[in-house]
Amino acid sequence: FKINMDEMEIVGELGKGNYGSVQQVYHRPSEINMAMKEIRLELDESKLNGIIMELDVLHRAVAPEIVEFYGAFTIESCVYYCMEYMDAGSLDTLTGGGVPLADAKAEEGEEGCALRVPEPVLRRITAAMVRGLKFLKDELQIMHRDVKPTNVLINKKGEVKLVDFGVSGQLEKSLAKTNIGCQSYMAPERIKGESQNQPSTYTVSSDVWSVGLSIIELAKGCYPFPPETFANVFAQLQAIVYGPAPTLPPGYSADAQDFVAKCLIKDANGRPTYAQLLEHPFLAADKDAEVDMAGWVAEALERRAARGVKPLAMVEA
Ligand code: ADP
């Protein structure tokens, strides 16, 4: 179905991104709660329409590990992107938000970060990410290009889904310029390629690197490269390209450690494929496991509320 702004009731703000805000909206005709992302772009109308057309392939991106796309439209110079509302938000805000935590109730992790994701939960989250990425590659022939904890969403049922992947060349081009953040999830070959103006060195295994880094961040509750690199982009990129790869905090199994080590192999050609990752003992153990994901999400939401983070939606659906 085609959607437009007149059919929406604004429920409340879910978050702010680099390019605009994300609102929770109620779509009256379908009676669906949605998340509507506003992306402000200084582009002429034909380019904006081009983006809307490119986003259309998202209607084919239907998988349990992908946030469902409902449609997009433009108003003036903004693109409005409507998607499935994920009522527990992004993984970073659930497990730490990139900030070292002083949470007395959490098990002590190293360096002041809090260890808060039991291995079976971490395993299930990782399996969902890998299956989602494999689906995008096999079924839509696309790479994600921006795998990081803020782009992994979760709901109270415990479902884990990917969002914000690169389907629109035009949109990517318009957003890319300001995209060097203070915490980089880019693989070494991509950093080297961009510094030499050869972005073609970017392949599907660059997303595998970002998976490894993201799950370490989830496990630690904060970005894995040393804090002294946060304020210095150059030092951070140096550390990623030449420094030792980060590891999981103590307490995780040897299989888990091996899994992230393989994701973080510096040579992109040495990293496993998605099929190999799914067969790795760390993820293979997920198949028949009973994991109370909904229970873990509920606890994590309580901890987040206790830290004083504003609940996602101000009005419950
Ligand atoms: P960024 O630009 O940093 O990637 P986004 O603009 O994608 O951030 O999103 C900002 C915040 O809005 C996210 O951190 C998340 O908490 C929230 N959000 C985004 N999409 C959804 C969604 N589909 N459901 C619920 N919350 C969402």
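The values are calculated or read from the model by the stated rules, or taken from the named source; none is laboratory data. Since this is a predicted model, take the numbers as computed values, not measurements. With ideal geometry, Cβ positions are generated from the backbone for all residues, glycine too; neighbour counts draw on all protein chains shown.
Does any residue of region 29-50 turn out to be loosely packed, with under 15 Cβ neighbours inside 10 Å, in contact with a strand residue (DSSP E or B) (Cβ under 7 Å, 6 or more places away or on another chain) and at pLDDT 95 or above?
no
Looking at (1) touching a residue at least 40 places away in the same chain (Cβ under 8 Å); (2) within 16 Å of the ligand (Cβ to nearest atom); (3) crowded, with 18+ Cβ neighbours inside 10 Å; (4) assigned to a loop (DSSP other than H, G, I, E, B), which one does M143 not meet, given that it meets all the others?
Unmet condition: (2).
Need at least 2 residues that are among the β-branched types (V, I, T) and surrounded by fewer than 21 Cβ atoms within 10 Å (Cβ to Cβ) per element, so show me which helices (runs of 4 or more DSSP H) inside region 215-286 make the cut, counting only ones lying wholly within it.
So the answer is 233-242.
Among the numbered criteria (1) more than 9 Å from the ligand (Cβ to nearest atom); (2) exposed (fewer than 13 other Cβ atoms within 10 Å of the Cβ); (3) within 19 Å of the chain's Cα centre (by Cα), which one does A63 miss?
(2)
Tell me which residues, restricted to region 163-179, are part of a loop (DSSP other than H, G, I, E, B) and more than 11 Å from the ligand (Cβ to nearest atom).
F165, G166, V167, S168, K177
Of everything in region 251-282, what is charged (D, E, K, R) and over 15 Å from M129 (Cα atoms)? Give them in sequence order.
D255, D258, K262, K266, D267, R271
For the subset of region 152-162 comprising residues that are surrounded by fewer than 22 Cβ atoms within 10 Å (Cβ to Cβ) and either free of Cβ contacts under 8 Å to residues at least 24 places away in the same chain or within 11 Å of the ligand (Cβ to nearest atom) (or both), which member is farthest from P64 (Cα to Cα)?
Selected residue: N155.
For region 11-54: of the residues being among the polar types (S, T, N, Q) and closer than 11 Å to Q170 by Cβ, which is nearest to the ligand (Cβ to nearest atom)?
Selected residue: N49.
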